[in-house]
Amino acid sequence: MTLSLFPLSEGAITIEFGEKVTKVVNQRVHEAAWKIAQHPFSGFIESVPTFTSLTIYYNPIIAGNFELVCKKLLSALSNEFAMIDQNQKLHRVPVCYDVDFAPDLLLLSHSLNLSQKEIIELHTKPVYDVYFLGFSAGFPFLGGLSEKLFHPRRPSPRLKVPAGSVGIAGNQTGVYPIETPGGWQIIGRTPLRLFNYESNPPVWLKPGDQVCFYPITKEEFFNLEAQDEH
Amino acid sequence: MSIKVLSPGLYTTVQDIGRTGFQKYGVVVSGAMDTISYRLANLLVGNFSNEAALEITLLGPTLLFNKNAVISICGADMTPKINGKATPIGKAIEVKKGDIVSFGTPLSGCRSYLAISGGIQVEPVLGSKSTFVQGPFGGYRGRKLRKDDELLILETWLNKKINWRLSPFSYSFIHEELSPIRVIKGKQYDWFSASAQKAFFKTKYKIQSESNRMGFRLDGEPLYLHFQKELITEAVTFGSIQVPPNGLPIILMADRQTTGGYPKIAQVAAIDLPRLAQRKPGNSISFTEISFNEAQQLYIEIENDFNSLQKIIEYRMKGVIHSEMD
């Protein structure tokens with residue numbers, strides 16, 4: 001496995017694990033994050049996984065310069081121990097696909113030449129991988145969306161997408177944890193909170209976890225929403 | 001409550017050194033834009049360098065102190081006053097109950113830090129007191145200060161007279177408005193055409209009005225790639241210069257998102273981030289290249305110098321400030 005290490009800044013190194021976004025490459029990213037976290041070198045601050053890379057933030061005054069830190073990283077990564085019991089979870093995410101929560105479902109139905117029922121079936125069938133969290137706090141980049149549901153994002157973003165909105169953009173599906181502007185095609189909403197800054201960790205879905213969606217009625221949505229507030 | 005905001009100023013927020021440790025959850029770092037001035041302000045009042053302070057932008061607030069407090073102001077000189085009388089920056093100052101602190105327009109630069117001995121008492125969120133307005137969470141109610149807000153502080157006062165202050169040399173970098181900003185070649189520098197690379201180092205960019213704590217948007221000659229290529233989203237950091245499809249660079253600042261999908265042409269050298277943070281919309285900036293090794297070396301040197309200065313200040317401040325907690 002060839003790794004490349006790039007100095008993103010005086011206190012950050014980006015490690016590349018592959019050129020294509022695949023589950024295998026992404027697994028390597030999470031494994032590397034785990035290995036480094038097991039025995040963090042002095043001066044290590046945090047690591048940030050993305051699709052195919054892991055960025056290590058460090059304090060060079062304590063850890064040493066780029067060359068020295070690369071040696072420490074390569075040494076940590078060469079550790080033979082595989083990640084066991086990494087607390088990877090399968091999360092079942094309830095989604096209400098009712099028209100009131102799914103402003104773009106009809107449009108997608110026409111565009112993709114699928115009935116709304118078929119879209120929901122295709123969306124709830126796979127087990128998705130949480131490749132990483134980014135864009136906003138708790139926002140999951142999920143892998144595994146059915147090709148039949150690939151669709152470009154909206155030509156211009158909405159000013160406000162409600163928290164919990166489930167959307168599709170390009171070959172991705174994801175959930176908006178907090179209300180933000182956004183350009184994804186919204187096909188449903190989850191009543192559960194993906195991000196809560198008062199908890200630690202503040203997120204429900206973690207990088208490396210798995211997710212599957214299941215449909216709920218509007219009534220179930222409001223019940224779950226009320227429960228989750230506590 | 002200890003401090004009443006009579007007028008909030010243009011954009012005043014509570015900041016500390018930033019919210020680290022949670023970027024893998026998409027949580028933004030935030031924190032002070034000019035980390036040198038911010039840390040110095042804290043040290044001058046006997047605080048840890050990463051204590052919560054006020055970041056003041058362009059137009060300063062007017063604050064009524066309902067408690068005695070030892071404060072210091074560092075960064076851009078906004079001609080601060082106590083009860084209408086000029087007070088120096090870069091020095092620990094005693095404010096008495098009933099005093100009003102106010103500011104004029106900056107002589108140069110645009111960000112100033114008001115540190116209060118004992119720090120500003122707000123609840124930390126995920127280990128930090130920095131304000132993240134897009135959250136919104138952290139700092140004072142997750143937002144900039146408004147009229148009639150009330151901040152909580154400890155009562156502090158000077159035990160001995162302070163007859164020294166920080167040499168203006170410590171923040172002279174704020175006045176270096178014309179020197180180019182040093183940058184390291186970015187991770188996708190090679191993606192850009194030769195003419196784009198040349199243009200990047202030749203152009204005098206203007207900081208657009210849409211610039212803010214998330215990023216400085218630059219106007220000038222657009223920069224294009226060799227050929228159409230999509231970047232697979234990866235981590236970005238403070239000072240990353242990314243170029244969206246329209247070709248106009250954006251310098252990512254304190255409130256940047258944790259990851260980005262636009263190619264990065266350059267990275268602002270850490271030693272020049274405080275200077276960059278003192279620039280404002282309408283200013284021009286240009287770039288010059290520095291090698292990564294040199295940039296990291298200089299950064300390590302400057303931080304070591306800073307640590308030495310920190311020790312000197314700590315020594316001088318020993319026993320000088322008394323707090324209601326004593």
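With the helix formula -39500 (n - 2.57) applied to DSSP H stretches of n ≥ 4, chain B reaches a computed 222 nm mean residue ellipticity of -5000 deg cm²/dmol. Measuring nothing but alpha carbons in the stretch B:239-326 and taking Rh as the Kirkwood radius, the Rg to Rh ratio lands at 1.14. Computed about the Cα centre, the dipole magnitude for the protein assembly as shown is approximately 1140 debye when only Lys and Arg (+1) and Asp and Glu (-1) carry charge, each at its Cβ. Peptide A:57-64 has a mean of 3 when you count, residue by residue, the C-beta atoms of other protein chains within 10 Å of its C-beta.
Convex hull volume per residue, computed on the Cα atoms of the stretch A:179-230, equals 121 Å³. With all pairs of separate Cα atoms included, the stretch B:193-249 yields a Kirkwood hydrodynamic radius of 12.5 Å.
Here the 3J(HN,Hα) profile of the stretch B:52-65, calculated from phi with Karplus coefficients 6.51, -1.76 and 1.60 at θ = phi - 60°, is 6, 9, 9, 9, 10, 10, 6, 10, x, x, 10, 10, 9, 8 Hz, Gly and Pro shown as x. Along the positive direction of the dipole of the stretch B:177-222 (beta-carbon charges: Lys, Arg +1; Asp, Glu -1; about the Cα centre), which of B:186, B:205, B:220 reaches farthest? Going by the Cα projections, it comes out as B:186. Percent of Cα pairs in the stretch A:126-180 per distance bin of 10 Å, from zero to the largest separation: 24, 55, 21, 0. Legend: mean number of C-beta atoms from other chains within 10 angstrom of residue C-beta atoms, peptide B:16-23, equals 3. For the stretch B:274-326, a simple Cβ point-charge model (Lys and Arg +1, Asp and Glu -1, everything else neutral) yields a dipole of about 260 debye relative to the Cα centre.
Of the trypsin sites (Lys or Arg not before Pro) in the stretch A:1-72, the ones in a loop by DSSP (not H, G, I, E or B) with at most 14 other beta carbons within 10 Å are A:20. Ranking B:8, A:43, A:96 by Cα position along the charge dipole of the protein assembly as shown, where only Lys, Arg, Asp and Glu carry charges on their C-beta atoms, puts B:8 farthest toward the positive end.
Both radii are taken from the alpha-carbon atoms of the stretch B:1-105; with Rh as the Kirkwood radius, Rg/Rh is 0.99. Across chain A, the fraction of Cα-Cα pairs farther apart than 25 Å, rounded to a whole number, is 46%. Rg/Rh for the stretch B:156-224 stands at 1.23; both radii use Cα atoms, and Rh follows the Kirkwood definition.
Under Stokes-Einstein, with the Kirkwood radius over Cα pairs as Rh, the value for the stretch B:8-50 at 25 °C and 0.890 mPa s is 211 µm²/s. Computed from the C-alpha gyration tensor, the three semi-axes of the ellipsoid equivalent to the stretch B:97-179 are 26, 22, 14 Å, from longest to shortest. How shielded is B:132-138 by partner chains, expressed as the average number of their Cβ atoms within 10 Å of its Cβ atoms? For peptide B:132-138, the averaged partner shielding equals 3. Working from Cα pairs under 8 Å separated by at least six residues, relative contact order for chain B is 20 percent.
For the stretch A:197-214, 3J(HN,Hα) computed residue by residue from phi via the Karplus equation (6.51, -1.76, 1.60; θ = phi - 60°) reads 5, 8, 9, 10, x, x, 10, 8, 8, 10, x, x, 6, 10, 9, 9, 9, 9 Hz, glycine and proline entered as x.
When both the stretch A:39-108 and the stretch B:58-133 are represented by their alpha-carbon centers, they are found 38 Å apart. Remark on the protein assembly as shown: Rg and Dmax equal 24.8, 79 Å (Cα only).
The Stokes-Einstein estimate for the stretch A:3-103, based on a Kirkwood radius over Cα pairs and taken at 25 °C with 0.890 mPa s viscosity, is a diffusion coefficient of 162 µm²/s. Of the chymotrypsin sites (Phe, Trp or Tyr not before Pro) in the stretch A:78-156, the ones in a loop by DSSP (not H, G, I, E or B) with at most 12 other beta carbons within 10 Å are A:81. Of the GluC sites (Glu not before Pro) in the stretch A:142-230, the ones in a loop by DSSP (not H, G, I, E or B) with at most 16 other beta carbons within 10 Å are A:179, A:198, A:229. Along chain B, the longest continuous region that contains none of the chymotrypsin sites (Phe, Trp or Tyr not before Pro) in a DSSP loop with at most 14 other C-beta atoms within 10 Å is B:49-163. Just the number, please: Stokes-Einstein D of chain B in µm²/s, Kirkwood Rh from C-alpha pairs, 37 °C, 0.692 mPa s. For the chosen part, D equals 161 µm²/s.
Readers should treat all values here as calculations from the given coordinates under stated rules, not as data from a laboratory. Model, not experiment: these values are computed from the prediction. Glycine gets a Cβ as well: all are built from the backbone with ideal geometry, and neighbour counts include every protein chain shown.
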